[in-house]
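The values are calculated or read from the model by the stated rules, or taken from the named source; none is laboratory data. The structure displayed is predicted, hence computed values, not measured ones. All Cβ positions, glycine included, derive from the backbone under ideal geometry; neighbour counts span all protein chains shown.
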Amino acid sequence: MFAFTKFSLARQFLVISLIILVAGMLVIGAWVSQQIERSVLNRTAAITALYVDSFVSPHLQSLQDGDSLFPNELAKLDQLLSETALGQQIVSFKIWSSEGQILYNPAQEQIGRLYGVGDDLAEALGGNVTASLSDLGDPENEYERQSWDRLIETYAPVRATGSDKIIAVSEFYQLPDALSAEIQRAQLRSWFVVGVATLTMYILLASLVGRASNTILVQQEALEEKLSQVEELLTKNRKLNHKLRRAAGRTTALNERFLRRISADLHDGPGQDLALALMRIEPMAEYCANCAVNMPDLETQLDNIQIINNSVTSALKDLRAISVGLRLPELTHLSPEEVAQRAVRDYLRKTGQTVILKLEDVPVDAPVPIKITLYRVLQESLMNGFTHAGGADQSVWVRQANGSLVAEVSDTGRGFDEQMAGQDGHLGLVGMRERVELLSGTFVVVTAPGQGTRVSVTIPLESDREDFTMDADDEGRL
């Protein structure tokens, strides 16, 4: 069975169809053979019955008035069997009464015996001629069994002259040799016809199936080739997508490193210069204040120095604020849960607002780009809610769902028209969306004027996580 299933569908179909056709041929051939045998027997029996009736019936007319034959009639029947051409066709015959009693038999001891009405005798009493190949196993065939093993047994009704009244039944026996040969020839011819027809059908069917199979094989090969090309393209696409995601994550990490370097440069460069200038201006202002009053423009110069001092102080303050805002806390060794807590804690320290933080099944770890994006989204969303909605009922919900990190920030502030977002020069939402989509995530804002705001972020968690840390070459290039 296992070997059969390894065949192609076309070959399996041909094998099964061959079995079905052969089985059908055997059934049809056997049925046709039986019909031929029955037809030949019936034809032979009918012809012989007419022949026998023409010889026997005139000697049985006395049965119209009695239930036995006269001695002279029995002698005539013996003479017919032994001295006429009838004996060449018939090897033995009996005359039956309607009660199943033998009225005549070449074996004198059989005459007068009552055997009852069998099926064939009953059918003959009904007016039909019946014939069959008999193995002579019935009790009334005791005489015939002594000389023969098998005979053609025929029952024919005997009618009264000039009427349809059945007065007896004649049973006669023929040798089966000639008839068997005729039946065998007819059966061989029928088997030959059935076999040729079956073989022709199988050859035509095999031809059609073979052509269809070849067409299917060609199409299958073409389909497999196309499928191989598609799989190759999908493999390349997966590799490119993986490289793109790695590049996106690395870009996020490099961007934060770049911002950190800018923050350090602002602090250590212009910040230090402004601090030094401020340190030098303050003593000069104090010194000039003690100068002689005979300098007519001293007051004006003092005002200028004060203006310079105030400007430098303001610039240094702004520069430090910018530097602090650009610099991201070290997140490499923090879990996503700790990153969310850090973002909320930094916001609370700056604003003094109250934020409800809900953490639910947060993953233990995540790639650095995802943690950076989580921190920036929470930072920007909370600050936007504070700036534009007064920080009303702010809440943060961070969880894991379907292999992704999900973060939601909501408030009950005044809301806004999302279609107008970004047109007023504020790029907070645009920046957050780009950060999230760069990591193949989704960014959704649900808001309307007077209905609060909900920012929802979903970022797939990488199964092959990679820590996008900076190496010496990256630091050197920045």
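Data overview
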quantity	calculated
Unique residue being in a helix (DSSP H, G or I), over 26 Å from Ser17 (Cβ atoms) and in the same structural domain as Leu60 (by TED's automatic domain parsing) when the list is Ala222, Ala181	Ala181
Scan of the range 200-221 for residues that are over 22 Å from the mean Cα position of the chain (by Cα) and either of a type in the set (A, V, I, L, M, F, W, C) or loosely packed, with under 11 Cβ neighbours inside 10 Å (or both), ordered by number	Thr200, Met201, Ile203, Leu204, Leu205, Ala206, Ser207, Leu208, Val209, Ala212, Thr215, Val218
Qualifying residue in the range 149-164 (condition: more than 20 Å from Val56 (Cα to Cα) and either of a type in the set (Ser, Thr, Tyr) or surrounded by fewer than 20 Cβ atoms within 10 Å (Cβ to Cβ) (or both))	yes
The listed residue being outside the structural domain of Leu63 (by TED's automatic domain parsing), of a type in the set (A, V, I, L, M, F, W, C), part of a helix (DSSP H, G or I) and surrounded by 13 or more Cβ atoms within 10 Å (Cβ to Cβ), out of Ala122, Ala197	Ala197
Yes/no for Ser97 being of a type in the set (S, T, N, Q), more than 30 Å from Ile36 (Cβ to Cβ) and in contact with a strand residue (DSSP E or B) (Cβ under 9 Å, 6 or more places away or on another chain)	yes
Residue within the range 82-94 that is part of a helix (DSSP H, G or I), more than 60 Å from the chain's Cα centre (by Cα) and within 15 Å of Asp53 (Cβ to Cβ) present	yes
Residues within the range 372-426 that are basic (Lys, Arg), farther than 19 Å from Gly452 by Cβ and either in a loop (DSSP other than H, G, I, E, B) or at pLDDT 90 or above (or both), tallied	1
The range 346-371: number of residues that are among the aliphatic types (A, V, I, L, M) and in a helix (DSSP H, G or I)	3
Candidate set from the range 447-462 (those that are surrounded by fewer than 21 Cβ atoms within 10 Å (Cβ to Cβ) and at pLDDT 90 or above); member that is nearest to His388 (Cα to Cα)	Arg454
Neighbours by Cβ (under 7 Å, 6+ apart or cross-chain): first from the range 393-416, in the same structural domain as Pro369 (by TED's automatic domain parsing) and closer than 17 Å to Leu348 by Cβ; second part of a loop (DSSP other than H, G, I, E, B) and of a type in the set (Asp, Glu)	Asp411/Asp393
